Amino acid sequence: MKNAEVAWSAFDSIAYVDHNYGDLQAEDAEILTNVRDHFAGHFRNQGVGPVYGIDVGAGANLYPALSMLPWCDGITLFERSPSNVAYLESQVDSYARNWDQFWDALRENKDYDAFDADPRERFREVVKVQQGDIFDLERFAGQWSVGTMFFVAESMTSSYQEFTLGVECFMRALAPEAPFAAAFMEHSKGYHTGEQFFPACDVGESEVRESLAPFADEFKVQRLKSEAGLRDGYSGIILSYGWRGNSDPQVPIG
Ligand SMILES: C[S@@+](CC[C@H](N)C(=O)[O-])C[C@H]1O[C@@H](n2cnc3c(N)ncnc32)[C@H](O)[C@@H]1O
């Protein structure tokens with residue numbers, strides 16, 4: 001099933017948050033540890049200039065945005081589904097308390113702990129929700145100085161061609177040398193939110209590595225140590241993080 005054939009408006013954001021992010025799971029804690037250390041290591045040594053972040057396919061997950069919060073002057077939550085856009089907009093003024101445990105996990109890194117603003121206030125100031133399609137991100141190529149994409153490229157289609165194009169669109173949205181983090185369900189068979197079934201593309205570490213390699217300079221691809229948890233129909237989680245490359249293969253997008 002291709003991305004355009006999926007009923008994204010039927011995505012049940014509340015059921016999704018309740019199921020996945022009501023409590024901090026071991027898999028998400030492991031992702032947060034790696035991502036916060038990567039971003040803190042990068043931004044600790046950075047100089048002047050505003051930093052703009054993007055979370056692509058933000059869905060009903062705020063923790064990728066929280067991982068960018070201390071470093072950004074603006075964060076775009078880019079999402080296609082109208083129900084998820086409504087959820088994200090409902091969180092901007094004062095996000096729900098379940099997200100506090102994710103912020104607390106980030107604060108285990110001293111650079112996040114040293115961030116002296118109230119995270120809710122900062123979130124309200126810097127976060128903007130933008131409805132859009134990942135395949136149209138090309139228009140904004142090179143605009144963002146840090147980016148995240150969690151469980152999107154492989155969880156929005158069963159087409160391998162659309163998976164690789166999704167990764168490409170995400171990476172091309174980033175400026176040269178921008179740090180990024182991306183997470184993928186390994187060998188996913190698709191998933192339910194509420195009553196609705198959503199397709200997935202079956203990928204493993206090698207497909208993730210191949211999709212990122214043309215657009216990243218230096219990056220890691222690792223399978224999480226945590227056992228596959230409460231999400232259905234997959235064998236593990238693959239996390240990648242690194243930096244956007246300086247030069248791309250000279251081929252048109254797609
Ligand atoms: C499995 S959810 C992941 C949500 C969130 N990033 C997370 O970590 O839980 C996949 C998300 O991709 C979004 N999505 C699907 N097709 C998209 C597209 N063409 N452009 C942007 N987002 C899309 C869906 O609406 C959904 O929010």
### Summary
Taking the range 125-176 and keeping only residues that are within 11 Å of the ligand (Cβ to nearest atom), surrounded by fewer than 16 Cβ atoms within 10 Å (Cβ to Cβ) and polar (S, T, N, Q), one is left with Gln130, Gln131
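Test of understanding: among Gln222, Gln143, Gln161, which residue is at pLDDT 95 or above, of a type in the set (S, T, N, Q) and touching a Leu at 6+ places or on another chain (Cβ under 7 Å)? Write out each step before concluding.
On the way: Gln143 fails: touching a Leu at 6+ places or on another chain (Cβ under 7 Å); Gln161 fails: touching a Leu at 6+ places or on another chain (Cβ under 7 Å).
Gln222 is the lone residue from the list that is at pLDDT 95 or above, of a type in the set (S, T, N, Q) and touching a Leu at 6+ places or on another chain (Cβ under 7 Å).
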### Query
Hey, among Ala105, Ala86, which residue is within 16 Å of the ligand (Cβ to nearest atom) and within 21 Å of Gly41 (Cβ to Cβ)?
Ala105
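May I ask you to list the residues in the range 7-16 that are of a type outside the set (Ser, Thr, Tyr), within 9 Å of the ligand (Cβ to nearest atom) and in a helix (DSSP H, G or I)?
From the range 7-16, those of a type outside the set (Ser, Thr, Tyr) are 7-8, 10-12, 14-15; that's our starting set.
Then drop every residue that is not within 9 Å of the ligand (Cβ to nearest atom), which leaves 8, 11.
Answer for the range 7-16, where residues must be of a type outside the set (Ser, Thr, Tyr), within 9 Å of the ligand (Cβ to nearest atom) and in a helix (DSSP H, G or I): just Trp8.
Taking the stated definitions as given, is Glu195 touching a Gly at 6+ places or on another chain (Cβ under 8 Å) and more than 16 Å from Arg80 (Cβ to Cβ)? Even if it seems obvious, please write down each step before you answer.
Numbers: touching a Gly at 6+ places or on another chain (Cβ under 8 Å): no; more than 16 Å from Arg80 (Cβ to Cβ): yes.
No.
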### Message
Cβ contacts < 6 Å: first residue among the small types (Gly, Ala, Ser), restricted to the range 94-108; second residue surrounded by fewer than 20 Cβ atoms within 10 Å (Cβ to Cβ), any location; separation 6+ or different chain. Result?
### Response
Ser94/Arg120; Ala105/Ala29
### Message
So for the range 191-208 (the condition being without any contact (Cβ under 8 Å) to a residue 60 or more places away in the chain, surrounded by 17 or more Cβ atoms within 10 Å (Cβ to Cβ), under 16 Å from Gly59 (Cβ atoms) and touching a strand residue (DSSP E or B) at 6+ places or on another chain (Cβ under 9 Å)), does at least one residue qualify?
### Response
yes
### Query
Within the bounds of the range 24-41, is there any residue that is under 18 Å from the mean Cα position of the chain (by Cα), part of a loop (DSSP other than H, G, I, E, B), within 15 Å of the ligand (Cβ to nearest atom) and on the phi > 0 side of the Ramachandran plot?
no
### Message
When the residues of the range 50-83 are narrowed to those that are at negative phi, within 9 Å of the ligand (Cβ to nearest atom) and of a type in the set (Gly, Ala, Ser), which ends up surrounded by the most Cβ atoms within 10 Å (Cβ to Cβ)?
### Response
Ala58
### Query
When you go through (1) in a loop (DSSP other than H, G, I, E, B); (2) out of contact with any His (no Cβ under 9 Å at 6 or more places or on another chain) one by one for Pro214, which number turns out not to apply?
(1)
### Task
Read through the list (1) part of a helix (DSSP H, G or I); (2) within 16 Å of the ligand (Cβ to nearest atom), then give the number of the only condition that Met1 fails.
(1)
### Query
Considering only residues of the range 183-226 that are away from the ligand (no atom under 14 Å from the Cβ) and basic (Lys, Arg), which is farthest from the chain's Cα centre (by Cα)?
Lys225
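The values are calculated or read from the model by the stated rules, or taken from the named source; none is laboratory data. As the structure is a prediction and not an experimental result, all values here were calculated from the model. We place every Cβ from the backbone using ideal geometry, glycine too, and count neighbours over all the protein chains shown.
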